[in-house]
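Before any comments, here is the structure.
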Ligand SMILES: O=C(O)CCC(=O)C(=O)O
Ligand SMILES: [Fe+2]
């Protein structure tokens, strides 16, 4: 078994979507278990039309910069050592593929079975800057991330996100496409870590 595939699998070229397998290798199972156990997973509520709706998943904001999401500010949790290790692996794998990227923040999402989900959105908040790069690491149960073109130029498509994979959403992805983790008839825990650069 090869532990590194520097170039990854190019799923789209414009904008660029690249999936890399086996990011952490033998450390992936332990990382999943530790993050699940050691983080203080939150289920904040979003206010919509005057009513509070708990989000259909749990999350933790981590890193150096506070983050505004759906009109609310989240104070970051300090870096967890496992997340530092994953961050280093992401930057190294991207560098090996010729992608220079830096990240100072990560949103960790916890999906406890197939009813936990994330609705259609793009990560285009102003503090992410022009054409942000977002690196999404998946741990646990494989689920598809669904993409659709904002201008409907082509059909929507799924990207399977297996355990220990990394998906790079390159420059322009958030402009052209929305993505969602739709509910599915499946069981099992999935964590995702979406690394970003948040301008202070
Ligand atoms: O869980 C995923 O893979 C997607 C998460 C996501 O879209 C986000 O954190 O913005
Ligand atoms: Fe997203």
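No lab work stands behind these numbers, since they all come straight from the coordinates. On a predicted model such as this, the values are computed, not experimentally measured, just so you know. All Cβ positions, glycine included, derive from the backbone under ideal geometry; neighbour counts span all protein chains shown.
What is the percent of Cα-Cα separations in the range 44-179 that go past 23 Å?
On the way: 3575 of 9180 pairs.
Value for the range 44-179: 39 percent of Cα pairs lie more than 23 Å apart.
Given the peptides 43-49, 32-38, arrange them by the average over their residues of other C-beta atoms within 10 Å, most packed first.
Working: 43-49: 11.0, 32-38: 14.7.
Peptide ranking by packing, descending: 32-38, 43-49.
To two decimal places, what compactness ratio does the range 141-196 give when its Cα radius of gyration is scaled by 2.2 N^0.38 Å?
1.21
Do the sum for the chain: with -39,500 (n - 2.57) for every DSSP H run of n ≥ 4, divided by all residues, what is the mean residue ellipticity at 222 nm, to the nearest 500 deg cm²/dmol?
It comes out at -4500 deg cm²/dmol, rounded to the nearest 500.
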